[in-house]
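The values are calculated or read from the model by the stated rules, or taken from the named source; none is laboratory data. Predicted, not measured: the structure shown is a model, and the values here were computed from it. Neighbour counts run over all protein chains shown; Cβ positions are idealised from the backbone, glycine included. Ligands, DNA and RNA are stripped out before the accessible areas are found, and what is left, the full protein with its side chains, is counted by its heavy atoms. Shrake-Rupley method; radii C 1.70, N 1.55, O 1.52, S 1.80 Å.
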Amino acid sequence: MPLADAGLTAWSWNPLTDIQVMWSYPFMVNAFRAGAVIAVLSAAVGWFVVLRRQTFAAHTLAVVGFPGASGAVLVGVASGYGYFAFCLAAAVVIAMLPGAGQGHGEESALIGTVQAFLLACGFLFVALYKGFLGGVDALLFGSFLGIGDGQVVLLAVVAVVVLAVLAAVGRPLLFASVDPSVAAARALPVRALSVVFLVLLGAATAEASQITGSLLVFALLVMPPATAQLLSPRAAVSLPLGMLIGLAVTWLGLTAAYYSPYPVGFFVTTFAFAAYVLARAARTAATAFGARGPRPGTGATGGTPHAVEEAAA
Amino acid sequence: MAPPIPPQSRGGEPAAPPVLRLRGAGVRVGGRTLWSGVDLAVAPGEFTAILGPNGVGKSTLLKAVLGLRPLALGSVTVLGGAPGTAGRRVGYLPQRRSFDPGLRIRGRDIVRMGLDGDRWGVPLPLPSRFGARRRAEAVRVQEVIDLVGATGYADRPIGQCSGGEQQRLLIAQALCRKPELLLLDEPLDSLDLPNQAAVAALIGRICREEGVAVVMVAHDVNPILGHLDRVIYLAEGGAATGTPAEVITSATLTRLYGTPVEVLRTSDGRLVVVGGPEAPALHSDRHDTAAGPRTPAGAPRATGTPEAPAPERTRRAAR
C-alpha cells in the first residue's frame with residue numbers, strides 16, 4: 001500500500017518517534033495487534049505442519065481461502081469471515097477424504113483439480129465486484145489495511161481456541177506425527193488427531209491469509225517454525241522460538257511496509273526468508289566447525305561402549 | 001560385564017507364571033489359515049523369536065498378542081489377561097523404515113514419548129508434586145538411554161542418527177515404562193552386520209538383566225541365535241515351537257514345510273540350513289562376514305537362511 005506516496009509518513013531515523021507516529025493511527029495499531037496474534041498462532045500450528053510434512057495441505061487450504069475472501073467481499077461481508085468459512089470447510093472436506101491422515105489424501109489429483117477451480121472462482125468474484133481497489137493483490141499477496149477492532153477480537157478469540165485445543169492434544173499429536181505406528185499401538189486415536197489437526201490448520205491458515213494473502217501464508221506458517229527447528233532440535237526451545245521469529249518478522253514487515261511504498265506481504269516473506277537462510281548458514285557453519293574439532297560422545301556407528309562390551313563378552 | 005545369567009527355564013516348563021501363553025492359536029485371513037497350532041508359554045526374561053518365510057504372518061502373531069487382531073483358533077493370554085488389556089506392561093516396536101533425515105527432534109524427546117507421549121494436556125511448569133514427577137521422568141529417560149548405550153547421541157536430532165542408533169533409541173522408548181513383555185517386529189531389519197550383532201546382544205542383555213520377556217519377529221535367525229531361548233517357526237497352516245535345538249532340525253523343518261530341508265552342523269558347531277533350490281546365496285555370503293569376533297564364544301550359529309523353503313514352493317507342497 002503506497003502510503004508513503006500519499007505524503008503520510010517519512011522515516012525520521014529516530015525509532016521512538018517513528019513508532020509513535022506509526023502507532024498514532026488506529027489502523028496501524030490494529031495491524032500490529034492482529035499481526036502478533038496471527039504470528040504466534042501460525043508458528044504454533046506451523047511447527048506441527050513442518051514436522052508432519054503437511055505444507056501441501058496448508059497451501060491447498062490457503063488457496064481455497066481466496067474465493068472465500070473475494071466471495072465475502074462480493075456479498076458485502078468482511079473478507080476475514082470468508083477466509084474462515086472456506087478454510088475451515090476445506091479442512092473438514094480434506095480430512096474426510098479416504099487416505100487422509102496417511103499423507104495421501106491431501107495430495108490426490110482431486111485436490112489439485114478442485115483447488116484450481118476454486119482459485120478461478122475467486123478470480124471471477126473479484127471481476128464481478130467492480131469497485132475493488134487493488135483487491136486481487138491484497139487478497140493474494142497480503143495487506144494490513146482495514147483491520148477493524150472487531151476483526152482483531154475475532155482473530156484473538158479464534159487463536160485462543162486453536163491454541164487451547166493444540167495444547168490439549170499437543171503431546172499425543174506430536175507422538176502421532178513422529179511415530180504413527182507406535183502411537184496407534186498405544187491406543188492413541190491417530191486418525192482423529194489428524195482430522196483435528198487439519199481443522200486447526202484451516203483456522204491458522206485463514207488467520208495467516210489476512211496478513212500475508214492467500215499465496216504467501218508460508219511466510220508465517222512454515223518459514224518461522226522451520227527456521228526455529230533448524231536452530232534447535234529441542235521441542236521446548238524450537239516451539240517458542242518459532243513464535244518469536246514469526247512475531248519479529250511480522251512486526252518488522254509491518255513497519256517496513258508502513259514506511260515504504262512496497263506491500264507488506266513482500267517484507268514479511270523476505271524477512272522470514274532471510275531468517276531461514278541465516279539459520280541454514282549458521283547450521284552449516286556449526287557443522288563444519290564441529291567436524292574439525294573432536295566431538296566427545298559421538299562415537300562411530302556400532303562403536304558405542306555397550307556394543308564393544310557385548311561383542312567381547 | 002558379568003557373565004550372562006542363564007535363563008531360568010531353557011527348554012523346560014517355566015517355573016514362574018508365564019508372561020505370554022498361546023494355546024492352539026491360529027489366524028485366518030479371508031478364509032485362508034495363515035498359521036495355526038501355536039502352543040507357547042513365555043516366562044519372564046525369556047527371549048523368543050518368531051521365524052518363517054515372508055508373508056506367513058509373523059507380524060500378525062504380534063498383532064494378535066497386542067489385541068489388534070482376533071484369533072480364529074485357540075487362545076492367547078498376556079500377563080494373565082486378554083490381549084490388549086495389559087496397557088503399559090507391554091512394550092511394542094513395530095516394523096519401520098528409518099526416520100526422515102530432516103526430522104529435527106532430539107532422540108531424547110523421542111524416547112520420552114514412550115513415557116508421556118500419550119498423555120493429554122499441557123506439561124505445565126508447576127512446582128512441588130509435578131516437579132518431582134517430571135524429575136523422576138527425566139531420570140527414567142536417562143536410565144533407559146544409558147541402558148541401550150545411546151548416551152552419546154541422545155541429544156542429536158534423530159534424523160541424523162544412523163539406523164543402529166535410531167533402533168537403540170526406539171528400544172529405549174519401548175522400555176521407558178518398564179514393560180514385562182517387549183514385542184519387537186524385525187528390529188534388525190535394515191541394519192548393517194556389526195549393528196545387527198550389537199543390537200541382538202543388547203536385546204539379549206535386556207532379557208537377562210531386566211527380566212523382560214522379549215518376543216521378536218526375525219527374518220534371519222543368525223544374529224540372535226546365541227541369545228535365544230525358544231523359537232516359533234511359522235508355516236502355512238502350521239507351526240513348530242520349542243528351543244532352537246529342537247526346532248531348527250532337518251526332521252522338524254522338513255515335516256513343517258513338506259519339502260526337504262536339511263540342517264547341517266559344521267565342525268565348529270554352527271548350523272547351516274539348506275532349503276529348496278531357491279535358497280538365496282546372498283544370505284550365506286552375509287553370514288560369512290558376520291562370523292567375526294562379535295560372535296559370542298561357543299554360541300551355535302546357523303550360516304544358512306532360515307527362510308530356506310521359498311514361500312511359493314511351501315504353499316504348493318502344503319496343498
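Looking at segment A:201-226, I want the residues that are on the phi > 0 side of the Ramachandran plot and have a partner that is of a type in the set (Phe, Trp, Tyr) with Cβ atoms under 7 Å, at least 6 apart or on another chain. Which pairs are those?
Listed by first residue and then by second, the contacts come to A:Gly213/A:Phe141.
Quick one: would you say A:Ala62 is closer than 20 Å to A:Phe218 by Cα, open to solvent by less than 10 Å² (accessible area, probe 1.4 Å) and among the small types (Gly, Ala, Ser)? Give the steps one after another, and end with the answer.
On the way: closer than 20 Å to A:Phe218 by Cα: yes; open to solvent by less than 10 Å² (accessible area, probe 1.4 Å): yes; among the small types (Gly, Ala, Ser): yes.
It is true that A:Ala62 is closer than 20 Å to A:Phe218 by Cα, open to solvent by less than 10 Å² (accessible area, probe 1.4 Å) and among the small types (Gly, Ala, Ser).
Would you check if B:Arg104 is buried (at least 16 other Cβ atoms within 10 Å of the Cβ) and over 24 Å from the mean Cα position of the chain (by Cα)? Break it down stepwise before answering.
Working: buried (at least 16 other Cβ atoms within 10 Å of the Cβ): yes; over 24 Å from the mean Cα position of the chain (by Cα): yes.
In short, yes.
Could you list, in sequence order, all residues of segment A:148-173 that are aliphatic (A, V, I, L, M) and within 7 Å of another protein chain (Cβ to nearest Cβ)? Lay out the reasoning, then the answer.
Of segment A:148-173, the ones aliphatic (A, V, I, L, M) are A:152-169, A:173.
Result: A:Ala167, A:Ala168, A:Val169.
If a residue has to be at pLDDT 90 or above, of a type in the set (Ser, Thr, Tyr) and open to solvent by 50 Å² or more (accessible area, probe 1.4 Å) to count, how many in segment B:123-172 make the cut?
Going through segment B:123-172 one residue at a time, the tally reaches 1.
Quick grid of which residues meet (1) modelled with pLDDT of 95 or more; (2) farther than 30 Å from A:Leu140 by Cα; (3) buried (at least 17 other Cβ atoms within 10 Å of the Cβ):
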{"site": "A:Pro263", "(1), (2), (3)": "no, no, yes"}
{"site": "A:Phe273", "(1), (2), (3)": "yes, no, no"}
{"site": "A:Leu278", "(1), (2), (3)": "yes, no, no"}
{"site": "A:Arg283", "(1), (2), (3)": "no, yes, no"}
{"site": "A:Phe289", "(1), (2), (3)": "no, yes, no"}
{"site": "A:Pro305", "(1), (2), (3)": "no, yes, no"}
{"site": "A:Val308", "(1), (2), (3)": "no, yes, no"}
{"site": "A:Ala311", "(1), (2), (3)": "no, yes, yes"}
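Does at least one position in segment B:204-213 carry a residue that is more than 30 Å from B:Arg32 (Cβ to Cβ), touching a Phe, Trp or Tyr at 6+ places or on another chain (Cβ under 8 Å) and not hydrophobic (A, V, I, L, M, F, W, C)?
Within segment B:204-213, one or more residues are more than 30 Å from B:Arg32 (Cβ to Cβ), touching a Phe, Trp or Tyr at 6+ places or on another chain (Cβ under 8 Å) and not hydrophobic (A, V, I, L, M, F, W, C).
Which one is nearest to B:Leu256 (Cα to Cα) among residues in segment B:208-226 that are buried (at least 23 other Cβ atoms within 10 Å of the Cβ) and not β-branched (Val, Ile, Thr)?
Ranking the qualifying residues of segment B:208-226, first place goes to B:Ala218.
Can you tell me which residue among A:Val249, A:Val182, A:Val196, A:Val268 is open to solvent by 50 Å² or more (accessible area, probe 1.4 Å) and part of a helix (DSSP H, G or I)? First the steps, then the outcome.
Values: A:Val249 fails: open to solvent by 50 Å² or more (accessible area, probe 1.4 Å); A:Val182 fails: open to solvent by 50 Å² or more (accessible area, probe 1.4 Å); A:Val268 fails: open to solvent by 50 Å² or more (accessible area, probe 1.4 Å).
Just one listed residue meets the conditions, A:Val196.
How many residues are open to solvent by less than 10 Å² (accessible area, probe 1.4 Å) and either without any contact (Cβ under 8 Å) to a residue 40 or more places away in the chain or part of a loop (DSSP other than H, G, I, E, B) (or both) if we restrict to segment B:180-200?
4
Are any residues in segment B:44-86 farther than 20 Å from B:His219 by Cα, more than 15 Å from the chain's Cα centre (by Cα) and of a type in the set (Gly, Ala, Ser), and if so, which ones?
Of everything in segment B:44-86, those that are farther than 20 Å from B:His219 by Cα, more than 15 Å from the chain's Cα centre (by Cα) and of a type in the set (Gly, Ala, Ser) turn out to be B:Gly67, B:Ala72, B:Gly74, B:Ser75, B:Gly80, B:Gly81, B:Ala82, B:Gly84, B:Ala86.
B:Ile110 - would you say it is touching a helix residue (DSSP H, G or I) at 6+ places or on another chain (Cβ under 6 Å), farther than 21 Å from B:Thr48 by Cβ, facing another protein chain (nearest Cβ under 7 Å) and buried (at least 23 other Cβ atoms within 10 Å of the Cβ)? Don't jump to the end; show me each part of the working.
Numbers: touching a helix residue (DSSP H, G or I) at 6+ places or on another chain (Cβ under 6 Å): yes; farther than 21 Å from B:Thr48 by Cβ: yes; facing another protein chain (nearest Cβ under 7 Å): yes; buried (at least 23 other Cβ atoms within 10 Å of the Cβ): yes.
Here the answer is yes, as B:Ile110 does meet what is asked.
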